[in-house]
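The values are calculated or read from the model by the stated rules, or taken from the named source; none is laboratory data. Just so we're clear, the structure is a prediction, and the values are computed from it rather than from any experiment. FYI the Cβ positions are ideal-geometry reconstructions off the backbone, even for glycines, and counts take in every protein chain you see. Accessible surface areas use protein heavy atoms only, side chains included; no ligands, DNA or RNA. Shrake-Rupley method; radii C 1.70, N 1.55, O 1.52, S 1.80 Å.
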Amino acid sequence: MKKYIIQKDIATTTSHIEYEKELNEEQLRVVLHDDGPILVIAGAGSGKTRVVTYRVARLLERGISPHSILLLTFTNKAAREMLRRVEHLLKIDTRFIWGGTFHHIGNIILRQNSHLIGFNKNFTILDNEDAKDMIDVVIKDAKIDKKANRFPKASLIKEIFSYAVNTMNNMDTVILERFPFFFGIRDELSHIQKLYTEKKKAANAMDFDDLLFYWHKLLMENKDLREYYARVFSHILVDEYQDTNRIQAEIVDFMGLINRNVMVVGDDAQSIYSFRGANFKNIMDFPVKYPETKIFKLETNYRSTPEILKLANNSISKNKTQFTKNLRSIKQSGNIPVLTHLRDVMQQADFVAQRILELRDDGIPLEQMAVLYRAHYHSMELQMELTRRDIPFEIRSGLRFFEQAHIKDVVSFLRIMVNNKDEISWKRMLKLFPRIGKRTSDHIFDYIKTLEDPVGVFISKKIGEHFKNIHKENIEIWARLFKELLFFYEKEALGDMISCVLKNGYTEYLKYNYPNFEARLEDLGQLINFSSKYVSLETFLNELSLMGGISGEEIISADREDERVILSTIHQAKGLEWKVVFLIWCADGRFPNPKAVEEGNIEEERRLFYVAVTRAMDELYMCYPLITFDKQAGHIILKPSRFISELRGSTYDEWQVSDTDYRR
């Protein structure tokens, strides 16, 4: 490995930066601290990026060589921005600092030592599409007929493999804990994983997860190399440590084995990604692994008003497992957060839309307002209301509700019942069933488009007489499915039509095609409830069709045509901030997520609530409907979220809302 000499003019303890002027006292203590392991608990909006940047600058001023500094971040953009700021502070070239994501640094180290793990240094890195294609080839080589029997898609298999690598669990454990419905094919999945690993090695290729897996393997199995890197990197800094998974934490420990100058920065109160494999224990157990750890807390908040922080502090104080802290605002006093209950979900959407317009009239740009929610389907009615009012919005949590694949899949069945000549819907629907690909669906449609009653051909099973090679199970399902669809269509029972699609194969389809199938089922459950408002299928489908584009002509003036209200799940909103935040569906049974409560993850759900409220800079509105409708249970009276009920009343102001005005 090359050695790089730090510029002589900064290889000194003389400081060129006036740290006392640039940093507050909390930040200053971190930046000027001596060597040894450091844990920085950086509260929301407390300037953690500034602390990491100035710490790197301080190390360079002390004479630490750039090539001895390892900076690990969760995006390469974050690393580049931090190092750019260091260059600005010290007027030096920071290219020789090892900065980037875990995967970026892993790639560099593996290319230098590829021969030790059986790869050539010019190995290819497979992107996600390449990886899925290779898994498809492996499945074919393993003689598994994906069409004859339901078998998970390559993209889902890749998710399972990825979760196993990042949590360092074996396949049986991952399947049992996360994908229990695949337990019957666990041997096949383990075999595919073995073949996939062999095929990648034969092709001299690695996927993204391999960059961590082999980096860890390299350090674990090669004592000399492990000690070499532990000596080379005299100082290691890790950003967003609360989001690291098990394999990343162990890599950090290997790299910091000798010098132990490991500084990790994060906020345990913002650890919300366990579903991706992030390990909350990493940040909580850091002082256990490094008993000599010095713990610093950044509690000065530059983002939110004192009133918003009072509510946030009160909420997170209910968590038992945490590093206790109390955020303090530098801002002057502002508006007390608002809690308002609405009659139903439609009035909730109406309130949010109306308040957005009022705030914009007060001079707050649309892009400085965000609506956050626990689950994507919570935004459905709001999307409709914003569209009706021509209020432009941007969805950060995925596609618009009615543009999602699973919604369009189910709607295709309904469209066929209204218009049996709908080619797009027929072909989309047919391809959802085993052993029906593009070619077969084309042939089937070419036949049924000539018929007077194509639905009847499926009900009578005569479709099987014309297409002898169609799987018998499909013929049986189609007969049952279309018979039920026709029955419920004639009764105008829209919700039952959707339920019948789910019952006759589509739920299984979701399980075998999407890692987040439960969230998609929640979406469809909401679609069932929503459909109950319509007296005819035609009216319902017409409404969906009109949910396409939005113009915003009545709201946006020529000089502000790019304005958009932001709609986002809380998970997608982490790290962002807006002047005004609306948190909707703050009702028990919606937030916290019932399954998370059942699995004992209530503290992570409360951390999610904490993340949501700390996105707000100036104004926070928490809303929930008093009544909702469920197809099975009928009308349900909702209570406020337990995260609201447990707050001190002095932390929020309650508004009573009528149909015509919004007032305290």
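Overview of values
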quantity: Odd one out for ARG388 among (1) at pLDDT below 90; (2) surrounded by 19 or more Cβ atoms within 10 Å (Cβ to Cβ); (3) within 21 Å of GLN348 (Cβ to Cβ); calculated: (2)
quantity: Pairs with Cβ under 6 Å, 6+ apart, first in region 187-204 and in contact (Cβ under 8 Å) with a residue 24 or more places away in the chain, second open to solvent by 80 Å² or more (accessible area, probe 1.4 Å); calculated: ASN204/ASN120
quantity: Strands (runs of 3 or more DSSP E) contained entirely in region 28-130, each with at least 2 residues that are within 30 Å of MET617 (Cβ to Cβ); calculated: 38-42, 69-73, 98-101
quantity: Selection status of LYS574, modelled with pLDDT under 95 and basic (Lys, Arg); calculated: yes
quantity: Answer from LYS331, LYS310, LYS281 - the residue that is of a type outside the set (A, V, I, L, M, F, W, C), more than 22 Å from VAL52 (Cβ to Cβ) and assigned to a loop (DSSP other than H, G, I, E, B); calculated: LYS331
quantity: Pairs with Cβ under 9 Å, 6+ apart, first in region 311-322 and touching a residue at least 40 places away in the same chain (Cβ under 8 Å), second open to solvent by less than 40 Å² (accessible area, probe 1.4 Å) and of a type in the set (Lys, Arg); calculated: SER315/ARG606; ILE316/LYS325; ILE316/ARG606; ILE316/ARG607; LYS318/ARG606; ASN319/ARG606; ASN319/ARG607; GLN322/ARG607
quantity: Candidates GLU358, GLU307, GLU299 - the one that is surrounded by 19 or more Cβ atoms within 10 Å (Cβ to Cβ) and of a type outside the set (Gly, Ala, Ser); calculated: GLU307
quantity: Any hit, region 635-647, residues being in a strand (DSSP E or B), open to solvent by less than 30 Å² (accessible area, probe 1.4 Å) and either under 18 Å from GLN526 (Cβ atoms) or touching a residue at least 24 places away in the same chain (Cβ under 8 Å) (or both); calculated: no
quantity: Residues of region 318-327 satisfying the condition of being surrounded by 16 or more Cβ atoms within 10 Å (Cβ to Cβ) and in contact with a Ser or Thr (Cβ under 8 Å, 6 or more places away or on another chain); calculated: LEU327
quantity: Odd one out for THR450 among (1) free of Cβ contacts under 8 Å to residues at least 12 places away in the same chain; (2) assigned to a helix (DSSP H, G or I); calculated: (2)
quantity: Residues that are charged (D, E, K, R) and outside any helix (DSSP H, G or I), drawn from region 423-447; calculated: LYS431, ARG435
quantity: Residue within region 15-25 that is touching a Leu at 6+ places or on another chain (Cβ under 8 Å), under 26 Å from LEU576 (Cα atoms) and not hydroxyl-bearing (Ser, Thr, Tyr) present; calculated: no
quantity: Subset tally (residues that are assigned to a loop (DSSP other than H, G, I, E, B) and either among the hydroxyl-bearing types (Ser, Thr, Tyr) or touching a helix residue (DSSP H, G or I) at 6+ places or on another chain (Cβ under 7 Å) (or both)) for region 225-242; calculated: 3
quantity: Residues within region 222-231 that are over 15 Å from GLY256 (Cβ atoms) and free of Cβ contacts under 8 Å to residues at least 60 places away in the same chain, tallied; calculated: 2
quantity: Region 286-306 residues that are at negative phi and free of Cβ contacts under 8 Å to residues at least 60 places away in the same chain, paired with ones that are of a type in the set (Ser, Thr, Tyr) and crowded, with 17+ Cβ neighbours inside 10 Å (beta carbon under 7 Å, 6 or more apart); calculated: PRO306/SER329
quantity: Single residue of region 1-51 satisfying the filter (modelled with pLDDT of 90 or more and small (Gly, Ala, Ser)) that is surrounded by the fewest Cβ atoms within 10 Å (Cβ to Cβ); calculated: GLY36
quantity: Cβ-Cβ under 6 Å pairs, at least 6 apart or on other chains, region 82-111 side within 21 Å of HIS16 (Cβ to Cβ), far side part of a loop (DSSP other than H, G, I, E, B) and open to solvent by 30 Å² or more (accessible area, probe 1.4 Å); calculated: ILE92/GLN7; PHE96/TYR4
quantity: In region 466-513, the residues that are basic (Lys, Arg), under 29 Å from GLU159 (Cα atoms) and free of Cβ contacts under 8 Å to residues at least 24 places away in the same chain; calculated: LYS503
quantity: Positions within region 332-346 being in contact (Cβ under 8 Å) with a residue 40 or more places away in the chain, open to solvent by 10 Å² or more (accessible area, probe 1.4 Å) and in contact with a helix residue (DSSP H, G or I) (Cβ under 7 Å, 6 or more places away or on another chain), in sequence order; calculated: GLY334, ASN335, ILE336, VAL345
quantity: Selection count where residues are open to solvent by less than 10 Å² (accessible area, probe 1.4 Å), aromatic (Phe, Trp, Tyr) and in contact with a Leu (Cβ under 6 Å, 6 or more places away or on another chain), scope region 229-272; calculated: 1
quantity: Failed item in (1) assigned to a helix (DSSP H, G or I); (2) open to solvent by less than 50 Å² (accessible area, probe 1.4 Å); (3) farther than 12 Å from MET417 by Cβ, with TYR489 passing the rest; calculated: (3)
